[in-house]
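Enquirer: Attaching a single structure in C-alpha cells format; questions to follow.
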Amino acid sequence: MTEPNAHVVEIERDGPVALISFDNPPVNAASQALRQGLDTAIRQLADDDAIEVIALYGKGRSFIAGADIREFGKPPRAPGLTEVCNTVETCAKPVISVLHGVALGGGLEVALATHARVAVDGVSLGFPEVTLGIIPGAGGTQRAPRLTGIADALDLITTGRRIGAKEAHELGLVDRVETEGTPRELALTAARDVLSGALPTRRTREIEVAADDAALEAARARIAKRQPHLFSPLKAVDAVAASRRPYAEGEATERALFAECIDSPQRAGLVHAFFAERAVGKIPEVHAHPRAVHSIGVIGGGTMGSGIATAALLAGLDVTLAERDQEALDRGTATIAKNLEGAVKRGKIDDARRDAILSKALTATTDLEAFATCDLVIEAVFEDMEVKKDLFAQLDRICRDGAVLATNTSYLDVNEIAAVTRRPGDVLGLHFFSPAHVMRLLEVVVGEKTAPEVVATGFALARKLGKVAVRAGVCDGFIGNRILAHYKKAADYLMLDGASPQQIDRAMENFGFAMGPFAVSDLAGLDIGWAARKRLAPTRPEAERYNPVADRICERGWFGRKTGKGFYVYDGEGPRPNPEVDAIIDAARAEAGITPREFSEQEIVERYMTAMISEAARVLEDGIALRPIDIDAVFLFGYGFPRHHGGPMHYADTLGAHAILNRIQEYAKEDNHFWRIPQLLEELAAQDGTFAQMNRET
Ligand code: 3HC
Ligand code: NAI
C-alpha cells in the first residue's frame, strides 16, 4: 500500500494502534502536502481491519502551528483544512492527538476534531487567527464552544491569547496533561488507554452548546472599545454565536465569515506585518558570527539608559550602569528598580528574581573604568556630539579588545563618533525606543566601517532582548526619526493652514494609530523636538515653511505631560485640549498671513500619509533601509503604526504609486519645496510597480 506523502505525513503501525506523525519543518504548518497526507492516512486506516485506534502527533518542534500562512491570498488547493478536520472527526475509529510545542489556529482545530486530546506540559495552544485578520476557518469557532462554553471560546478566539496545558485542561479543551515522555511515546500510551477504556473518546460536534447571550454581547462591547478598527474579531463573535445551531449550519456560517475575512485588506496588512517581523532578520551580515555578549555596560541612567538596562537585566545579562555623579546614579537605579517592580506586577518575574537581579546582576558606578571587562557598552548620554565623542575616546582607552561600542543616539552621525576611536569597526548605533524595556524596535545603525560580526552581534543582542532589529544606514534620524521629522512637518502645516491639533490627532487615531502626533509629542516631551529644531535651524533652507507653535509652547515652559501642559492639559481628569494653544496658533497664522480653511478627516490622513510615504521612498533611494519591508517593521514596532495597514510601504501599495504621485503633484502647487516627487516613486509609477516587488527582488 502506498504511504501518504511519506516525507510529510507518516504512518507507523503497532498492533491495533496506528500512529500518524507530521514532519513539515520548521513548525509543521498545515500545508497542502500535510492536509492531503493526513486526509489520505485517515481514510486508509479507516479501511484497515487490523487497526482499532489512531493517534496523531508532530515530529520536531511542534504538533501543528496552524494553516500555512504563505498560502493565504493564493487560489485554495484541495483538500481544505475543514474537510480534513471532518475526515478526522467522522472517522468510525477513535482518533486522538498528542499536542506538544505549539498547536495554534488550524493545528488546534485538527486537535479539536480528534476524539480525545493529550497536552504535553509546555505546549502553547491558541487561536491567533484574529491577529492575522481572519477567524478560525476549520471548525474552530464551532468546536471550541462545544468544549469550553461560549464565554471562554470567545475569549480565546477574539483575543488570540495563547494558553498552556494546565489552563487548556481546566477549560475542557484537552482531556489529559502529561509532563514526561516523547510525543510518540505518549501517543502510543494514550492509544492503548483508549483500547482499555482508560481514556474515553467522543466526537466534539455531538456536544450541545449552552446559550450565553450575555457573553456574546460583552465580547462585542469589548471589541468596540479595544479593537474598534479591526474587522475580523466581530466576525469571530458571529461565528461563535452560530455554534448553537446544528453543526453543519454553524460550519457553513463560519465558512462564509472566514471567506469575507480572507479577502479583506486587513488580512493582507496583518499577514504582511507577521512576515515583516521575520524578514528584517535577513541581512547581508547573516553569515557573520556574532561576538558573545554576557555583560553589558550602559552609560547614562536617564530615560533611555535605565530602560535599556532594565531590558538587558530581564533578559538575564549582567549590567554595569554608569552615571556622572552619585545623585544621577541613584536616580537611574531607582528607575530600574521601579521598572522591575512593574515586571513583577505583570507576572514577568517574581520577587526573588527581582531581588537577585538588583543584588547580583546590576552593578552601579560613577567610574567608567568598570567597563574594562564588558562585552558590549551602550552609550545613552545627552544628545550632544561633543559629549559623545569625549565618551567614546575614553571607552576606546578602557574597553577590552573585541568589545562592541554602541551609541543610542537618535540623530547624530555614527561615523563621526566612531572616528574618535582606534576601532571604528567595533562601533555601531543601537537605537532603542522609549520606553526601552517595552518598545520592541531596535534600529541597528551600521556605520561605514562597522564590521559584519559587530552588526551580527547587534542582531543577536536584539533577539536575546526579545526585540525586532532592523538594519539602518547612517543619516540624520536613521530610518524612523528621519521619516517622522518629515511627516511631522506635514502635520504642522495642516495646523497652520486651519486644522486643529485635536482634529489631526483624531483623524490619525481613526486611521488606527493609538495616538495622534500631537498627543505623542506631549508624551515624549516637547523639549526633545525643540532641541532638534534648534540644532537644525542654521541649516534650514530659506524656502521651507516653518510652524513656530511648538516652540512657543515650549517657551512657556510647557513640555507636555511631564509639565502638566502641552498641546493638551493633564490635570488628572484625562487629557483635554489646552485652550491657551488656540491663541498661539491664531497668532502664528496671522503672522504668516494665513486665512485658515477647513480640512476633512480624509484630507488630513491623505496629506499625512503621503508625506510619510514620500520620505520613506527617499530613505530607500538613499540605501538607508535595505527593503520597503524594513521600513514597515520600523513603523509597526517603533511608532505604533496600525498593524492592519501593514506599515507605510504596504499601505502605499494599496493606494498605488500613481495615486500617490498625483497627490504630491497636487500639493506641490501650494508648496513645491516640501512636496517633491521621490525618483523611486516616479520609477515605480512608470513601471506600474509596487514596493512589494522590491521586497522580493532584494
Ligand atoms: N505558516 C507558514 N510559515 C510559518 C507559520 C505558518 N503558520 N508559522 C511560522 N512560519 C515560518 C516563519 O515565517 C519562519 O519562516 P522563516 O524562517 O522563513 O522566517 C519560520 O516558520 C519559523 O518561525 P518563527 O521564526 O516565528 O519561529 P518561532 O520558533 O519563534 O515561533 C511559532 C514559532 C510560535 C509557530 C510562530 O512562528 C507563530 O506564531 N506562527 C504563527 C502561528 C499562527 O498564526 N497560526 C495560525 C495560522 S492561521 C490558521 O491556522 C487558519 C485556520 O483557522 C484555517
Ligand atoms: P536623559 O537626559 O534622560 O538621560 C541622559 C543621562 O546621561 C542623564 O542622566 C545624565 O546624567 C547622563 N550623562 C550625561 N553625560 C554623562 C557622562 N559623561 N557620563 C555618564 N552619564 C552621563 O536623556 P535620554 O532621553 O535618556 O537620551 C539619551 C540618549 O538616547 C540621547 O542620545 C537621545 O537622543 C537618545 N534617545 C532618546 C530617546 C527618548 O525618547 N528619550 C529615544 C531614543 C534615543
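The values are calculated or read from the model by the stated rules, or taken from the named source; none is laboratory data. Keep in mind it's a predicted model, so treat the numbers as computed, not measured. Using ideal geometry, Cβ is built from the backbone for each residue, glycine included, and neighbour counts are taken over all protein chains shown. We work out accessible area using only protein heavy atoms, side chains counted, and drop any ligands, DNA or RNA first. Shrake-Rupley method; radii C 1.70, N 1.55, O 1.52, S 1.80 Å.
Enquirer: Largest first, please: the extent of the C-alpha atoms of the stretch 610-698 along each principal axis, to the nearest Å.
Expert: Its Cα atoms span 34, 28, 23 Å along the three principal axes.
Enquirer: Counting only other residues whose beta carbon sits under 15 Å from that of Ile134, what net charge do I get with K and R as +1, D and E as -1?
Expert: -2
Enquirer: So, taking all protein chains as they sit and a 1.4 Å probe, how much accessible area belongs to His169, in Å² rounded to tens?
Expert: Solvent-accessible area, nearest 10 Å²: 90 Å².
Enquirer: Run the numbers for Ala393 and Glu598: contour at 0.36 nm per residue of separation, minus the present Cα-Cα distance, in nm. The partial results should precede the final answer.
Expert: Working: separation 205, 0.36 × 205 = 73.80 nm, distance 5.40 nm.
Difference between extended and current length: 68.4 nm.
Enquirer: Ignoring ligands, DNA and RNA, what accessible area per residue does the stretch 9-263 give at 1.4 Å, in Å²?
Expert: With all protein chains present, the stretch 9-263 gives 39 Å² per residue.
Enquirer: Still on this structure, I have one more. What ranking do 9-17, 613-621, 562-570 get when scored by the average of other Cβ atoms within 10 Å per residue, highest first?
Expert: 613-621, 562-570, 9-17
Enquirer: Where the centre of each part is set by its Cα atoms, how far does the stretch 475-543 sit from the stretch 328-387, in angstrom?
Expert: That distance is 31 Å.
Enquirer: Work out the FRET efficiency for Arg540 and Glu217 from their Cβ-Cβ distance, taking R0 = 51 Å, and round it to the nearest 0.05.
Expert: According to the calculation, E is roughly 0.40.
Enquirer: Still on this model: Using a Förster radius of 45 Å, what is the FRET efficiency between Val605 and Asp384 based on their Cβ-Cβ separation? Nearest 0.05, please. Before the final figure, lay out each step's value.
Expert: Details: r = 37 Å, r/R0 = 0.81.
FRET efficiency, Val605 to Asp384: 0.80.
Enquirer: So, one more: Take every Cα pair under 8 Å in the chain that's 6+ residues apart, average their separations, divide by the length, and report that relative contact order as a whole percent.
Expert: 9 percent
Enquirer: What is the gain in length, in nm to one decimal, between Arg77 and Lys338 on full extension, counting 0.36 nm per residue of separation less the C-alpha to C-alpha distance?
Expert: Net length gain for the segment: 88.7 nm.
Enquirer: Along the Cα→Cβ direction, 7 angstrom out, place labels at Glu573 and Arg13. What is the inter-label distance in nm?
Expert: The answer from the label model is 8.0 nm.
Enquirer: Taking the 0 to 90 degree range and rounding to the nearest ten, how far is the long axis of helix 183-196 tilted relative to the main principal axis of the chain, both from C-alpha atoms?
Expert: For 183-196 against the chain, the angle is about 30 degrees.
Enquirer: Right, another one. Round to the nearest 0.05 the FRET efficiency obtained for Asp325 and Arg162 when R0 = 41 Å and r is the Cβ-Cβ distance. Before the final figure, lay out each step's value.
Expert: On the way: r = 45 Å, r/R0 = 1.11.
Efficiency for this residue pair is about 0.35.
Enquirer: Please identify every one of the GluC sites (Glu not before Pro) in the stretch 412-460 that sits in a loop by DSSP and has no more than 16 other beta carbons within 10 Å of its own beta carbon.
Expert: Passing sites in the stretch 412-460 are Glu448.
Enquirer: How far apart, in nm, are two points set 7 Å out from the Cα along the Cα-to-Cβ line at Ala419 and at Glu683?
Expert: It works out to 2.9 nm between the two label points.
Enquirer: Let me spell out the model: positive unit charges on the Cβ of Lys and Arg, negative unit charges on the Cβ of Asp and Glu, origin at the Cα centre of the stretch 24-111. What dipole size does that give, in debye rounded to 20?
Expert: 440 debye
Enquirer: What is the stretch 19-82 by shape, rounded, prolate or oblate, if you read a ≥ b ≥ c off the alpha carbon gyration tensor as root eigenvalues and call it rounded for a/c under 1.5, prolate for a/b larger than b/c, and oblate otherwise?
Expert: oblate
Enquirer: A follow-up question, please. Need the list of lysines near Lys360 for cross-linking: C-alpha distance under 22 angstrom, and skip anything on the same chain fewer than eight residues off.
Expert: Qualifying lysines at Cα under 22 Å: Lys338, Lys345, Lys348, Lys464.
Enquirer: Mind checking which lysines have their C-alpha under 23 Å from Lys449, skipping anything on the same chain fewer than 8 residues away?
Expert: By straight Cα distance, Lys449 reaches Lys282, Lys388, Lys389.
Enquirer: Quick one: accessible surface of Phe459, probe radius 1.4 Å, all protein chains present, in square angstrom to the nearest 10.
Expert: Accessible area of Phe459: about 10 Å².
Enquirer: Moving to a separate point now. Given only helices, namely DSSP H runs of n ≥ 4 each adding -39500 (n - 2.57), what is the per-residue ellipticity at 222 nm of the chain, to the nearest 500 deg cm²/dmol?
Expert: Values: 29 runs with 334 residues, N = 698.
That comes out to -14500 deg cm²/dmol.
Enquirer: I would also like to ask the following. Could you sort Glu670, Glu544, Glu573, Glu89 by their accessible area in this structure, using a 1.4 Å probe and putting the largest first? Kindly include the intermediate steps, with their values, before the conclusion.
Expert: On the way: Glu670 115, Glu544 40, Glu573 150, Glu89 0 Å².
Heavy-atom accessible area, descending, gives Glu573, Glu670, Glu544, Glu89.
Enquirer: Could you sort the peptides 529-538, 49-58 by per-residue average Cβ neighbour count (10 Å cutoff), highest mean leading?
Expert: 49-58, 529-538
Enquirer: Can you give the alpha-carbon Rg of the chain over 2.2 N^0.38 Å, where N counts its residues? All intermediate terms of the calculation are to be shown ahead of the outcome.
Expert: Details: Rg = 28.3 Å, N = 698, 2.2 N^0.38 = 26.5 Å.
So the Cα radius of gyration is 1.07 times the expected 2.2 N^0.38 Å.
Enquirer: Relative to the longest principal axis of the chain, what angle (0 to 90°, nearest 10) does the C-alpha long axis of helix 326-345 take?
Expert: Orientation of helix 326-345: about 20 degrees from the principal axis.
Enquirer: Once you keep just the Cα pairs under 8 angstrom separated by 6 or more residues, what percentage relative contact order results for the stretch 245-321?
Expert: Normalised by residue count, the contact order of the stretch 245-321 is 22 percent.
Enquirer: Give the shape of the stretch 9-263 as rounded, prolate or oblate, defined through the alpha-carbon gyration tensor: a ≥ b ≥ c are the square roots of its eigenvalues, a/c under 1.5 means rounded, and otherwise the shape is prolate if a/b is larger than b/c and oblate if not.
Expert: It is prolate, given that a/c is not under 1.5 and a/b is the larger ratio.
Enquirer: Still on this structure: So if I place +1 on the C-beta of Lys and Arg and -1 on the C-beta of Asp and Glu, and nothing else carries charge, what would the dipole magnitude of the chain be about its Cα centre? I want it in debye, nearest 20.
Expert: Here the chain has a charge dipole of around 380 debye.
Enquirer: Assuming 0.36 nm per residue, please report the length gained on full extension of the stretch Ile528 to Arg43 beyond their Cα-Cα distance.
Expert: Between Ile528 and Arg43, full extension yields 168.0 nm more.
Enquirer: Here is a follow-up. According to a simple spin-label model (label point 7 Å from Cα along Cα-to-Cβ), what is the distance in nm between Gln665 and Ala583?
Expert: Going from the Ala583 label point to the Gln665 one covers 4.6 nm.
Enquirer: Shifting gears a bit: Which of the three applies to the stretch 287-381, rounded, prolate or oblate, going by the alpha-carbon gyration tensor with a ≥ b ≥ c and a/c under 1.5 meaning rounded? Walk me through the numbers before you get to the answer.
Expert: Numbers: a/c = 1.82, a/b = 1.13, b/c = 1.62.
Oblate is the answer for the stretch 287-381, as a/c is 1.5 or above yet b/c matches or exceeds a/b.
Enquirer: Let me ask something else about it. May I ask for the angle, rounded to the nearest 10°, between helix 579-591 and the longest principal axis of the chain, with both axes built from Cα atoms and the value confined to 0 to 90°?
Expert: 60 degrees
Enquirer: For Ile677, Ile96, give the ranking by accessible area with the largest first, probe 1.4 Å.
Expert: Ranked from most to least accessible, the order is Ile677, Ile96.
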